[in-house]
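Presented below is the structure to which this report refers.
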Amino acid sequence: MIRVVIAEDDFRVAQLHEKFLASIDKVQVVGKALNAKEALAQIKEKEPDLLLLDVYMPDCLGTDLLHEIREVAPVTDIIMITAANDKVMIEKALKYGVIDYIIKPITMDRFHKTIEEYKQKHQMMSSRETLDQAMVDQLIGHKDSTDTKVEHVPKGIDPLTLEKVRTMLSEAPEGMTAEQTSEKMGASKTTARRYLEYLISIDEGKAEMRYGKVGRPERKYFLD
């Protein structure tokens, strides 16, 4: 479960963020703050995985708070959601390791994409002790322009997610069901099946019917 604190001085906007996050699996809002002082208190008390931070708060700029946040919560990830579009503020946020910077007014599509990508990266970091170069490239957003596999994927297939599914299957010689894949992806079973079936369609995967413990056949997927 990804634990989130929202630091936003407009309570109506904070409520909208909370409502949206409540609709996403394995994401839980554990605290809200209307100013910088409350934000620091929430971070210390709740120890969240993720902080959604506004810049313009009544007692302190969010960008000026970043140093103190890093002192008390060095591993908490931060996403800025703000109307501030000043170059100096954006540069400062990025230098303090902010993982995304969303300028208001935001769209739900942009918000959803950000949270889903964060979930995937969080899952990758939580499930492994070591990472290979391809995984590190995914985490830092590096894209190899020579990789033809990511250039021609159809609509509805994200290259980073596809690579994650490939990795999961490569580590499961006994195969994986769509349900097992969805749990590891942090996505719906329908989404997981779409990626699994896509791998079959490009001759990188195969599926077999296997009998489970309860005697019912299960469709298991393997890398081909």
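None of the figures in this text is laboratory data; all of them are computed from the coordinates on show. Note that the coordinates shown come from a computational prediction; the quantities given were computed from them, not determined experimentally. Neighbour counts run over all protein chains shown; Cβ positions are idealised from the backbone, glycine included.
What is the list of residues in segment 2-39 whose amide nitrogen lies under 20 Å from a point 7 angstrom out from the Cα of Leu61, following Cα to Cβ?
7-10, 34-39
Above 22 Å lies some portion of the pair distances; for segment 2-126, what is it as a whole percent of all C-alpha pairs?
Values: 2033 of 7750 pairs.
Cα-Cα pairs in segment 2-126 separated by more than 22 Å: 26 percent.
Report ³J(HN,Hα) in whole Hz for each residue of segment 84-100, in order, from the Karplus equation J = 6.51 cos²θ - 1.76 cosθ + 1.60 where θ = phi - 60°; Gly and Pro get x.
Running phi through 6.51 cos²θ - 1.76 cosθ + 1.60 with θ = phi - 60° gives 5, 10, 6, 4, 4, 5, 5, 4, 4, 4, 5, 5, 8, x, 4, 8, 7 Hz.
Pairing the Cα long axis of helix 159-170 with the longest principal axis of the chain, what angle in degrees results, from 0 to 90 and rounded to the nearest 10?
It is inclined by approximately 50 degrees.
List the relative contact order of segment 2-126 as a percent without decimals, with contacts defined as Cα pairs under 8 Å and 6+ residues apart.
About 21 percent, as a whole number.
Only counting other Cβ atoms within 10 Å, I'd like Lys155, Lys95, Lys119, Lys113 sorted with the fewest neighbours first.
Listing Lys155, Lys95, Lys119, Lys113 from fewest to most nearby Cβ atoms yields Lys155, Lys95, Lys113, Lys119.
Report the convex hull volume per residue for the chain, counting only C-alpha atoms, in Å³.
Per residue, the Cα convex hull of the chain comes to 149 Å³.
With contacts defined as alpha carbon pairs under 8 Å and 6 or more residues apart, what's the relative contact order of the chain in percent? Show your work: numbers first, answer last.
Numbers: 291 pairs, mean separation 27.3, N = 224.
Relative contact order here is 12 percent.
Could you pull out every residue, at least 5 positions away or on a different chain, whose amide H is within less than 5 Å of the one on Lys104? Hs are placed 1.01 Å off N in the peptide plane, and Pro or chain starts have none.
Answer set, sorted by chain and number: Thr82, Ala83, Ala84.
As I understand it, the value is the acute angle between the Cα axis of helix 11-22 and the longest principal axis of the Cα atoms of the chain; what does it come to in degrees, rounded to 10?
Between the helix axis and the principal axis of the chain, the angle is about 10 degrees.
Once you charge only the Cβ atoms, +1 for Lys and Arg and -1 for Asp and Glu, what is the size of the charge dipole of the chain about its Cα centre, to the nearest 20 debye? Intermediate results must be reported in sequence, preceding the final value.
Working: 33 positive and 39 negative charges, 143 e Å.
With Lys and Arg at +1 and Asp and Glu at -1, about 680 debye.
With everything on Cα atoms, drop me the angle between helix 189-201 and the longest principal axis of the chain, reported from 0 to 90° to the nearest 10.
50 degrees
Grab the DSSP H runs of the chain that are 4 residues or longer, score each as -39,500 (n - 2.57), total them, divide by all residues and round the 222 nm result to the nearest 500 deg cm²/dmol.
Mean residue ellipticity at 222 nm (helix-derived): -14000 deg cm²/dmol.
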